[in-house]
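Read the figures in this text as sums done on the coordinates, not as results from a lab. Keep in mind that what you see is a predicted model, and the values were worked out from it rather than measured. Counting neighbours? That spans all protein chains shown, and the Cβs are built from the backbone with ideal geometry, glycine included.
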Amino acid sequence: MGDWRDVLALAQGFPEPPLVIVMSRQADDYLWAEALNLGAYDVLTKPLNDTEVFRGLTLAWAHQQKYPAA
């Protein structure tokens, strides 16, 4: 069984990599720094908050529209 790092590595192998949003119950500063430095788009804290999920997905979608993979 893998973790978010494995998902991120798999996603980066696609010709047009999707943005990866990490979810964790323990989203501390270390996780944020590690995830973003390794290429994740965002980190959301569990339990999920509807407003934060909407914001994160909306910004990720807008980012993909502005910067599509070439």
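Do you know which of the residues in segment 39-63 that are without any contact (Cβ under 8 Å) to a residue 12 or more places away in the chain and aromatic (F, W, Y) is farthest from G13 (Cα to Cα)? Checking each candidate, the answer is F54. In segment 15-46, the qualifying residues are those that are exposed (fewer than 15 other Cβ atoms within 10 Å of the Cβ) and among the hydrophobic types (A, V, I, L, M, F, W, C), and the one that is farthest from Q65 (Cα to Cα) is A33.
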